[in-house]
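Colleague: Just dropping this structure here.
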Amino acid sequence: MTDRTLRGKVAIVGIGETTYYKHGQSPDSEFKLALQAVVKACEDAGISPHDVDGFASYGNDRSDAPRLASALGTKDFRFSNMFWGGGGGGVCGAVGNAAAAVATGMADCVVAFRSLAQGQYARYGRSQAASAVMGDDAFLAPYGLMSPAQRFAMKVTRFMHDHGIRQEALRAISLACYHHAQNNPNAVMKGRPLDAAKYDASRWIIEPFFHLYDCCQENDGAAAVIVVPAERAKDFKGKPVYLLACGQGSDHRSAAPVHNMPNYPSSHFNQLAPRMYEMAKLGPSDMGIVQCYENFTGGVLMSLVEHGLVKPEQANEVLVPENLYVESGKMPLNTSGGNLAECYMHGLELVIEAVRQIRGSAINQVKRSDAAIVIGGPMVTPVSSLILGSEATL
Amino acid sequence: MSETYLPHGLPTPSTAPDGLAEPYWQGTREGKLRIQKCKGCGAWQWGPEWICHRCHSFDLGWEEIRGRGRIYSYQKPHHPVHTALSDRGPYVIVLVELPEYGNVRMVGNLLGDARQAVPIGAPVEAVFEPHDGYTLVQWRLVST
């Protein structure tokens, strides 16, 4: 049997991001933002947008692949794919699906993208629920449980309770994101630093663990990466970054109705993470770069634990700001500011930051930059993660 | 209509056209708490589903259960996620597990003052809260 793997089969050779805007501030429509991100990623790779032959996205992106292909003048539209599930659970999976298409010869040049002008659509923190609700919502919404934060809060409460983890560990995650954003000109929160006192004084979204600064922003923007076969990776402009592994899926019955998933206090990576490391032939200690999706800081905590990056019994000691800052940290986290402080680009900004770090062109450049782990939107289902590496890791 | 824990105006539960959850809602209107029990393997299951995930029997019955459980987790929302909740926060949502019934979990509100401590593991009992056309199941702390 052949070795069925994505390891080293494809490379990311182009990255593109629009200006990132505060919620509702984009002068451009969501679809135009998507086009801008794809064109920028093509410019970065040194190719014509005509040569993109596939599109992969997630989170029910509204920028339809066939419309994109037509607007961009795609010569040969060979692949389109949507990763199931909401939010950013599919961010790494979309890159993985693009990689799978390229590795198997279904397409040659696939863009994985996300476009999101949240100001032009509904608020996450405000329920859009109808006056009568069915299915799972019938057992939740009448009790005032409607928003994403509320769907996940009780997972975090229980995890913190089980392991005796304090609020300060979550605060450190938030502080690290805001700290790194202060150097990043494209970060929405640049110039709006956060300190422990401001975090502590911020209003409760949900007690006992969701302060305002534990919750992601809502933003407008778009981002894209270009995936090509590894054997062609050096034909493009910049330093290629290789995909070493992608894991996607979820834990056993993680979508069981009315909060009945067997492993409740979880970000849903317990089964995924080991098989991803196995594909990458690397382990948690090899990851010099850690980009971990923050919808809520409690999800980051559980994701780090489930990927073997932090032991739960050490979380209070390890998750302190100094350990997470690029200047001093053993585990620099979300080095461009992440969803909390760069832009809530549903995590694609984290993939792009991992690419910049491996290229050596990041604003907050880490020292150990050979291998990066990117972890997609925790606590939703399905979820996904990615390991990227330099040529030296192949 | 008697007093309710949360204000009126929140989304109301509706039986889907498929009728899957109807025995539950019919039960609560009668003051009975019912969940699914597989006639194939005898396992308890919640929330409602068409198939038993253990033995794949489609023959899922509904059985009345005792409304006793313990708090598995909780949250106290402050941010109003719905116009009906604008002046209501904080309030308490609990996730209750039912050890007598395969540790299935149910979501409800914990009755009483929202400022009260919510001890994980504490025993609770179900309280039926009638609304116009449907009845919710709420929970209150009990002494052991």
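Colleague: Quick one: would you say A:G238 is surrounded by fewer than 22 Cβ atoms within 10 Å (Cβ to Cβ), small (G, A, S) and in contact with a Lys or Arg (Cβ under 7 Å, 6 or more places away or on another chain)?
Modeller: Considered against the rule, which asks whether it is surrounded by fewer than 22 Cβ atoms within 10 Å (Cβ to Cβ), small (G, A, S) and in contact with a Lys or Arg (Cβ under 7 Å, 6 or more places away or on another chain), A:G238 comes out as yes.
Colleague: Let me ask you something else. So which residues in region B:76-90 are free of Cβ contacts under 8 Å to residues at least 40 places away in the same chain, facing chain A (nearest Cβ under 7 Å) and either out of contact with any His (no Cβ under 9 Å at 6 or more places or on another chain) or crowded, with 17+ Cβ neighbours inside 10 Å (or both), if there are any at all?
Modeller: Listed by number, the residues that qualify are B:P77, B:H78, B:H79, B:V81.
Colleague: Filter region B:2-23 for residues that are β-branched (V, I, T) and either farther than 13 Å from B:L136 by Cα or away from chain A (no Cβ under 11 Å) (or both) and give the result.
Modeller: B:T15
Colleague: With the requirement that a residue be surrounded by fewer than 17 Cβ atoms within 10 Å (Cβ to Cβ), without any contact (Cβ under 8 Å) to a residue 40 or more places away in the chain and either aromatic (F, W, Y) or more than 7 Å from every other protein chain (Cβ to nearest Cβ) (or both), what does region A:122-170 give you?
Modeller: Listed by number, the residues that qualify are A:A122, A:Q128.
Colleague: While we're looking at this one, here's another question. Against the condition crowded, with 24+ Cβ neighbours inside 10 Å, over 26 Å from A:Y124 (Cβ atoms) and in contact (Cβ under 8 Å) with a residue 12 or more places away in the chain, how does A:V52 come out, does it pass?
Modeller: The answer is yes for A:V52.
Colleague: Here is a list of conditions, (1) under 16 Å from A:L6 (Cβ atoms); (2) out of contact with any helix residue (DSSP H, G or I) (no Cβ under 9 Å at 6 or more places or on another chain), and A:V374 meets all of them except one; can you say which number that is?
Modeller: All conditions are met except number (2).
Colleague: Here's something else I'd like to know. Applying the selection to region B:45-75, what residues are buried (at least 16 other Cβ atoms within 10 Å of the Cβ), more than 10 Å from chain A (Cβ to nearest Cβ) and not aliphatic (A, V, I, L, M)?
Modeller: Selection gives B:C52, B:W62, B:G67, B:R68, B:G69, B:R70.
Colleague: Scanning region A:243-295 for residues that are assigned to a strand (DSSP E or B) and β-branched (V, I, T), which turns out farthest from B:I71 (Cα to Cα)?
Modeller: Once the filter is applied, the top-ranked residue is A:I289.
Colleague: On the given criteria, is B:Q26 part of a strand (DSSP E or B), surrounded by 14 or more Cβ atoms within 10 Å (Cβ to Cβ) and not assigned by TED's automatic domain parsing to the domain that holds B:E129?
Modeller: It is false that B:Q26 is part of a strand (DSSP E or B), surrounded by 14 or more Cβ atoms within 10 Å (Cβ to Cβ) and not assigned by TED's automatic domain parsing to the domain that holds B:E129.
Colleague: Test A:H307 against the stated conditions and say whether it is in contact (Cβ under 8 Å) with a residue 60 or more places away in the chain and out of contact with any Gly (no Cβ under 8 Å at 6 or more places or on another chain).
Modeller: Yes; evaluated as a whole, the condition is true for this residue.
Colleague: Shifting gears a bit: Taking the criterion of being among the β-branched types (V, I, T), in contact with a Cys (Cβ under 9 Å, 6 or more places away or on another chain) and not in a loop (DSSP other than H, G, I, E, B), would at least one residue in region A:296-304 satisfy it?
Modeller: yes
The values are calculated or read from the model by the stated rules, or taken from the named source; none is laboratory data. All figures in this text were calculated on a predicted structure; none of them were measured in a lab. FYI the Cβ positions are ideal-geometry reconstructions off the backbone, even for glycines, and counts take in every protein chain you see.
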